[in-house]
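Colleague: This structure is in structure tokens; I'll ask about it shortly.
The values are calculated or read from the model by the stated rules, or taken from the named source; none is laboratory data. As the structure is a prediction and not an experimental result, all values here were calculated from the model. Neighbour counts run over all protein chains shown; Cβ positions are idealised from the backbone, glycine included. For accessibility, only protein heavy atoms count, side chains too; no ligands or nucleic acids. Shrake-Rupley method; radii C 1.70, N 1.55, O 1.52, S 1.80 Å.
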Amino acid sequence: MTQHSPTTLSIEGMTCASCVGRVDRGLKAIKGISDVSVNLAAETAQFVSKTPENLEAAVKALAALGYPARHSTVTLSIESMSCASCVGRVDKALAAVPGVLEVNVNLAAETATVTFLDGATGLTALLRASDEAGYPASIVDAGASVDRTARKEEEARLLSRQVLFAAALALPVFVMEMGGHISPAIHLAIASTIGHQNSWVIQFLLTTLVLIGPGRSFYLKGFPALLKGAPDMNSLVAVGTGAAYLYSIVATFLPQLMPAAVRAVYFEAAAVIIVLILIGRWLEARAKGRTGAAIQELMRLQPSIAHIRRNGEIVEIAISALRVGDMILARPGDRIAVDGEVTEGESHVDESMISGEPIPVAKTNGDLVTSGTVNGSGSLTFRATRVGGDTTLSQIIRMVETAQGAKLPIQGLVDRITLWFVPAVMGLSALTVLVWLIFGPDPALTYALVAGVSVLIIACPCAMGLATPTSIMVGIGRAAEMGVLFRKGDALQQLGDIGVVALDKTGTVTEGRPELTDLVLADGFERAMVLALVAAVEERSEHPIAEAIVRRAKAEGLTLGDVSAFASVTGYGVRAKVDGVDVLVGADRLMAREGVDIKLLSGPETDLARKGRTALFAAIDGQIAAVIGVADPVKPASRAAILALHQLGLKVAMITGDKRETAEAIAREIGIDHVIAGVLPEGKVAALDALRQGKKVAFVGDGINDAPALAHADVGIAIGTGTDVAIESADVVLMSGDLRGVVNAFEVSRRTMTNIKQNLVWAFGYNVALIPVAAGVLYPSFGVLLSPVLAAGAMAVSSVFVLSNALRLRWIAPALEETPASAPSALTN
């Protein structure tokens, strides 16, 4: 579609006239871009692009220049989507809006997530595009959880009433028409009482009520979609039942237009098809509601009210009215309303929802509390630090919803097929009618009608459209219940391709809380003096090893001197002056860099490394003074988790800054396959590249120091810190700092992808196998021609099968339990 109207983009990074000049020249250099006007004050660039491709080239050019166009993302709630063909048409309509960068339509969630260029288009254009395609849309408020479960429950209630009404009308139609074929007694009873012609008139009246009542939505949606050249599932039902209904009307009221041999009615087919499809949609609505059960459980953790201290009194207010800084009272048994810091009181708080640990955590002045957790028997007053959409619980809900709406790579092929599925079925139905009319036995018209309608009715694009998104929603929701948060939904599929799992050592494999175990002194140095000097320097550092040294010095009652000229050298160590004495503490590479001879203590250092200790050297006034041994205990679950990863066929590597001897001692203890030691923080990316060797690599780290490695890995898995779940560089976040969560992530991935493949095999296999049967392929050999009523039943069962299969993922058991068997579920508090 050619664009001649001006496009305005909002530009990032323009700070001066030189920036304006670079943007201006960059845009003017693109073929098809004209009338360029760049405004520094408004931070915009206006131009005319002749084609959408020109606009895309302009966006790429701006990014390459370092002045990217700003973009926004919005989630729309889409109505009237009933099958995979609908998904394709909504996607196509939204993607055609100039300025749209990415569209992700989810049939199971009934939403569309659209990323678009600010200024090039807006919400009005997106809503109009969806409406014009026949799918009314509305905006989902940012940060608001779509209560899909409640909506689906209401839809299921409405459908249940329609099913009962339609069934009550269709039953007499079915008995009058099919009863006569099944039982001669019924046939004679009808003939001797009301007569067959009156029977047909009664069937007409009852069927008409079914079609214009419970069934009218199929026609109100199906025929307009057909007239637009975009037929969907409703179109198949409307054309199929409409053909049977109209044929029956002619047979009933204009019998002279038909040969006697083909004069028959199919009112029961039209009525019963509507009933069966409504039953299928009722079951589908109920099942769809259950796919969001995990989100509902998370939302139930949010209290609706809070008690705050105001002017010396306790006031009850709505949770939405809380502000940062409010002083909130948590009574015994209350749920913590928002994230905060305790200012008064003592209690134990059940944090199993966040950490997965069943043992309540003691809280007192200065400790942090998290929204959704449960206060114990004490009373706490805390100051709100994060409220509304910023709380930990809100972030988790938002993260799970985003991941559930993701489109996996496997879905791309499905979308391309289903976009053309319904038109192909309608064409096949027409061909079926033609073949039966030409080659079929007498009465050929009757056979042609039955076969053509059966082809339309049995085709099930719904199952194809639901096969992937429902499994994703249930699988990711179940993962959240197990303490595994998928920040990016496509990580669910990518985990299945991983061949190597690389682990950061400190805080991932080990506890991250080292203890000083050895202090080997050089001749002429005293333990108390060396430990006091080293601890004084390390007190300025935030490294866990530094904390271990300071803890030991304080435990021994040593006085720490005054520190000046402190400097930290990442990957090497620290140096400072303590009461005028020059002190160096760090790895052997720091000593080598500073020209300190360590030969006297190289033997003890090697011995410590062989024992799995982290060895540091200390030099005082340029002389080697001591070698320090620090041990970071291995987490109890690490060995079991690594064994489980091996059983999944994965290689496990460990990346650490420790010396090789230390790292290999730990690796032998817990069964790690490969060690990359002596790695500086910036060297972890290169270490991951060295591990690849044709395989995809997952990296597990703490999400803070390991951000570049997490981003560089094929799948980045971050060990969360309990409340810090929004780790931007990670694809997967483990709510508890335990390697067992890694195993559970792989288990959820494996089970979900297997489930998706089962659904796709069923959805495609069903259509490939039964559409030919409906067309009559078995008739020449076996005399079998499928009834349209049976076709409707099969179609209804197909969608329900896919949804029911996806719901089995709700019962995925953790491959390794995060908590003891007696612990309550994280989402059932």
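Colleague: Of all residues in the range 211-238, which are assigned to a helix (DSSP H, G or I) and more than 12 Å from residue 422 (Cβ to Cβ)? Show your work before the answer.
Modeller: Kept after step one, since they are assigned to a helix (DSSP H, G or I), are these residues of the range 211-238: 211-212, 216-227, 233-238.
Passing the criteria: 211, 212, 216, 217, 218, 219, 220, 221, 223, 224, 227.
Colleague: Taking the range 481-494, which residues are open to solvent by less than 10 Å² (accessible area, probe 1.4 Å) and over 14 Å from residue 718 (Cα atoms)?
Modeller: 489, 492, listed by residue number.
Colleague: Further question: Residues of the range 603-631 being part of a helix (DSSP H, G or I) and either among the β-branched types (Val, Ile, Thr) or within 52 Å of the chain's Cα centre (by Cα) (or both), which ones? Give the derivation first.
Modeller: Kept after step one, since they are part of a helix (DSSP H, G or I), are these residues of the range 603-631: 603-610.
Matches in the range 603-631: 604, 605, 606, 607, 608, 609, 610.
Colleague: Looking only at residues in the range 89-116 that are within 19 Å of residue 9 (Cβ to Cβ), touching a residue at least 60 places away in the same chain (Cβ under 8 Å) and surrounded by fewer than 22 Cβ atoms within 10 Å (Cβ to Cβ), which one is farthest from the chain's Cα centre (by Cα)?
Modeller: So the residue we want is 98.
Colleague: Against the conditions (1) modelled with pLDDT of 85 or more; (2) open to solvent by less than 20 Å² (accessible area, probe 1.4 Å), where does residue 301 fall short? Just the number, please.
Modeller: The number of the failed condition is (1).
Colleague: Does residue 511 qualify as being modelled with pLDDT of 85 or more, surrounded by fewer than 20 Cβ atoms within 10 Å (Cβ to Cβ) and touching a strand residue (DSSP E or B) at 6+ places or on another chain (Cβ under 8 Å)? First the steps, then the outcome.
Modeller: On the way: modelled with pLDDT of 85 or more: no; surrounded by fewer than 20 Cβ atoms within 10 Å (Cβ to Cβ): yes; touching a strand residue (DSSP E or B) at 6+ places or on another chain (Cβ under 8 Å): yes.
For residue 511, the condition - modelled with pLDDT of 85 or more, surrounded by fewer than 20 Cβ atoms within 10 Å (Cβ to Cβ) and touching a strand residue (DSSP E or B) at 6+ places or on another chain (Cβ under 8 Å) - is not met.
Colleague: Here's a check for you: in the range 168-208, which residue that is open to solvent by less than 70 Å² (accessible area, probe 1.4 Å) and part of a loop (DSSP other than H, G, I, E, B) is nearest to residue 278 (Cα to Cα)?
Modeller: 183
Colleague: Would the range 526-537 turn up any residue that is at pLDDT below 90 and within 47 Å of the chain's Cα centre (by Cα)? Don't jump to the end; show me each part of the working.
Modeller: Taking the range 526-537 as the starting set, the residues that turn out to be at pLDDT below 90 are none.
No - not one qualifying residue is present in the range 526-537.
Colleague: Across the range 775-798, what is the total count of residues that are at pLDDT 80 or above and under 29 Å from the mean Cα position of the chain (by Cα)?
Modeller: 2
Colleague: Being buried (at least 23 other Cβ atoms within 10 Å of the Cβ) and either touching a Ser or Thr at 6+ places or on another chain (Cβ under 6 Å) or of a type in the set (A, V, I, L, M) (or both) is the filter here, so list the residues in the range 797-813 that pass it.
Modeller: Correct list: 802, 803, 806, 809.
Colleague: In the range 46-82, which residues are more than 21 Å from the chain's Cα centre (by Cα) and in a loop (DSSP other than H, G, I, E, B)? Break it down into steps so the answer makes sense when it comes.
Modeller: Initial filter on the range 46-82 (more than 21 Å from the chain's Cα centre (by Cα)): 46-71, 79-80, 82.
Hits for the range 46-82 are 50, 51, 66, 67, 68, 70, 79, 80, 82.
Colleague: Considering only the range 313-405, give the strands (runs of 3 or more DSSP E) lying wholly within it that have at least 3 residues that are open to solvent by 30 Å² or more (accessible area, probe 1.4 Å), modelled with pLDDT of 90 or more and within 27 Å of residue 737 (Cβ to Cβ).
Modeller: Values: elements: 313-318, 327-330, 339-350, 361-363, 379-386.
The qualifying strands (runs of 3 or more DSSP E) are 339-350, 379-386.
Colleague: Related question: Just the residues that are buried (at least 20 other Cβ atoms within 10 Å of the Cβ) and touching a residue at least 40 places away in the same chain (Cβ under 8 Å), please, taken from the range 660-669. I'd like the intermediate steps shown before the answer.
Modeller: In the first step, residues of the range 660-669 are kept if they are buried (at least 20 other Cβ atoms within 10 Å of the Cβ); the result is 662-663, 666-667.
662, 663, 666 - these are the residues of the range 660-669 that are buried (at least 20 other Cβ atoms within 10 Å of the Cβ) and touching a residue at least 40 places away in the same chain (Cβ under 8 Å).
Per-residue answers, yes or no, for (1) of a type in the set (Asp, Glu); (2) on the phi > 0 side of the Ramachandran plot; (3) in contact with a strand residue (DSSP E or B) (Cβ under 7 Å, 6 or more places away or on another chain):
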| residue | (1), (2), (3) |
| --- | --- |
| 36 | no, no, yes |
| 53 | yes, no, no |
| 76 | no, no, yes |
| 83 | no, no, no |
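Colleague: Let me ask something else about it. Scan the range 277-312 for residues that are part of a loop (DSSP other than H, G, I, E, B) and either aliphatic (A, V, I, L, M) or out of contact with any strand residue (DSSP E or B) (no Cβ under 9 Å at 6 or more places or on another chain) (or both) and report the count.
Modeller: Going through the range 277-312, the residues part of a loop (DSSP other than H, G, I, E, B) turn out to be 292, 301-304, 311-312.
Now restrict to residues that are either aliphatic (A, V, I, L, M) or out of contact with any strand residue (DSSP E or B) (no Cβ under 9 Å at 6 or more places or on another chain) (or both): 292, 301, 311-312.
Residues meeting the conditions: 4.
Colleague: Tell me which residues, restricted to the range 215-225, are open to solvent by 10 Å² or more (accessible area, probe 1.4 Å) and either within 33 Å of the chain's Cα centre (by Cα) or touching a residue at least 24 places away in the same chain (Cβ under 8 Å) (or both).
Modeller: We begin by selecting, within the range 215-225, every residue open to solvent by 10 Å² or more (accessible area, probe 1.4 Å); these are 216-217, 219-221, 223-225.
Selection gives 217, 221, 224, 225.
Colleague: Checking residue 501 against (1) in contact (Cβ under 8 Å) with a residue 40 or more places away in the chain; (2) assigned to a helix (DSSP H, G or I), which single condition isn't satisfied?
Modeller: Every condition holds for residue 501 apart from (2).
Colleague: Taking the range 727-774 as the region of interest, how many residues are β-branched (Val, Ile, Thr), over 17 Å from residue 418 (Cα atoms) and either in contact with a helix residue (DSSP H, G or I) (Cβ under 6 Å, 6 or more places away or on another chain) or part of a helix (DSSP H, G or I) (or both)? Outline the logic, then answer.
Modeller: At the first step, the residues of the range 727-774 found to be β-branched (Val, Ile, Thr) are 727, 732-733, 742-743, 748, 752, 754, 756, 761, 768, 771, 773.
Those left that are additionally over 17 Å from residue 418 (Cα atoms): 727, 732-733, 742-743, 748, 752, 754, 773.
Now drop any that are not either in contact with a helix residue (DSSP H, G or I) (Cβ under 6 Å, 6 or more places away or on another chain) or part of a helix (DSSP H, G or I) (or both), which leaves 732, 742-743, 748, 752, 754, 773.
Qualifying residue count, the range 727-774: 7.
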